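Some notes on the structure that comes next.
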Amino acid sequence: MTRPLLSVLWLLSAFFSGATPNPIRLQPTALPINPAGFYISTVTDQRTERNAAIRLVMAPDQSAQSVELAGGLTGGIREFVVRSLRNDRKLRPIAMRLVQFKLTESAIGNKVSGQFTATIAFDLIGKNDDDSEVSSRLTTYQGGARYTRPVEQTTVVEQTIRQTITASLRSLNEYMKREIDRDERLATKLRVVFTDDSRVTTDDTVHYNPDRPLSWSDFQARPRSGSHYAAEVFTSFSYEGRSSVENGTITANLLIKTYMLKSSSWVRDLALNDYSLNHEQRHFDIARLITERFKRKLTPETLTLTDYNSEIQYQFIESFRDMNELQKQYDRETQHGINQAAQAFWNQKIDAELRSYGFNR
């Protein structure tokens, strides 16, 4: 009579040991973390090995088997974070990336030993000009734990995972508190500060300065062979930039240079008069007008925090093209100064715009 009973017990044991374990549900709790300017916008799985993240021993002397988080690996963690951490979407969105997430167990008799390792990266999420998502790595947390438990008690598993996730969030928060005011990627405001290089020097470069107009002595090159012009002036503009971050505000400091090169400018003897010099000075003035227009294109409203450098460069290239076109238009309409009526019109036009920028000559 005992053989059939033993057979039934063995079958029941085999059935239950092979049953699918219940998913582990991370227990939400109000975390003692006040997010420093961020919220967790998403949780993604970036593990190189996409095998089971959690393997538990469910019966004595048996191998570990796969166990899921309730809601899935990323979904379960996302739910825990959202329900445990303040989620203010007005703040900076941060993506939580699971780079490594592995919990394994082994057993000798009724004693189970577990090891959990986790690498969790945190990325700042932004937008490109085409509204596509772009991310930037801020910080990476590495942690984990070892534990032992009786085979019939699995509470420590949930606690271990939850505590490690909490530790990663605490690590992120400390990073944000430390870096939020000085990391350009975390800045929330932008301002542009211009400094005009108006130095009066004796070298090859004449910097634009209303108190220092051009003179014929600045034209030091030999007349260009084959040119039918009486004079030629080389004028241009450029900028040098550097940025700093303080209290979450990026300051873009731009040194603006409008200049004339003596060694590239020349005049023939027949043009050494005030009228011709005025024509060449107006070329210099036009370069200054373009410089001022360039400056007015660069405002916090027209520049983005994520790409202001390239946007400034783009506006510079566009302004440089505008300068060349305006110089050509000026020479074309004045016939290089021969048309005195047109020259007088351009004199007035240039002076009016210079005055609107605060220049009086």
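Results, tabulated for the structure shown:
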{"quantity": "In segment 190-219, the residues that are surrounded by 17 or more Cβ atoms within 10 Å (Cβ to Cβ), among the β-branched types (Val, Ile, Thr) and under 30 Å from Gly248 (Cβ atoms)", "calculated": "Val192"}
{"quantity": "Residue within segment 289-300 that is modelled with pLDDT under 95 and either closer than 20 Å to Leu354 by Cβ or open to solvent by 60 Å² or more (accessible area, probe 1.4 Å) (or both) present", "calculated": "yes"}
{"quantity": "Residue satisfying condition, being more than 19 Å from the chain's Cα centre (by Cα), more than 30 Å from Glu280 (Cβ to Cβ) and without any contact (Cβ under 8 Å) to a residue 24 or more places away in the chain, within set Thr201, Thr155, Thr166", "calculated": "Thr155"}
{"quantity": "Residue check, Arg242 modelled with pLDDT of 95 or more, open to solvent by 30 Å² or more (accessible area, probe 1.4 Å), charged (D, E, K, R) and within 23 Å of the chain's Cα centre (by Cα)", "calculated": "yes"}
{"quantity": "Members of segment 152-193 found to be touching a strand residue (DSSP E or B) at 6+ places or on another chain (Cβ under 6 Å) and under 30 Å from Glu311 (Cα atoms), listed by number", "calculated": "Tyr175, Met176, Arg182, Glu184, Arg185, Ala187, Lys189, Leu190, Arg191, Val192, Val193"}
{"quantity": "Unmet requirement for Thr119, which otherwise passes all of (1) in a strand (DSSP E or B); (2) in contact (Cβ under 8 Å) with a residue 60 or more places away in the chain; (3) not charged (D, E, K, R)", "calculated": "(2)"}
{"quantity": "Residue in segment 257-273 that is assigned to a loop (DSSP other than H, G, I, E, B) and under 30 Å from Thr302 (Cα atoms) present", "calculated": "no"}
{"quantity": "Lone unmet requirement of (1) more than 29 Å from Ala53 (Cβ to Cβ); (2) surrounded by 14 or more Cβ atoms within 10 Å (Cβ to Cβ) for Thr160", "calculated": "(1)"}
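The values are calculated or read from the model by the stated rules, or taken from the named source; none is laboratory data. These numbers were taken from a predicted model, which means no experiment stands behind them. Here the Cβ is made from the backbone with ideal geometry for all residues, glycine too, and neighbour counts use every protein chain on show. All accessible areas refer to the heavy atoms of the entire protein, side chains included, with ligands and DNA or RNA removed. Shrake-Rupley method; radii C 1.70, N 1.55, O 1.52, S 1.80 Å.
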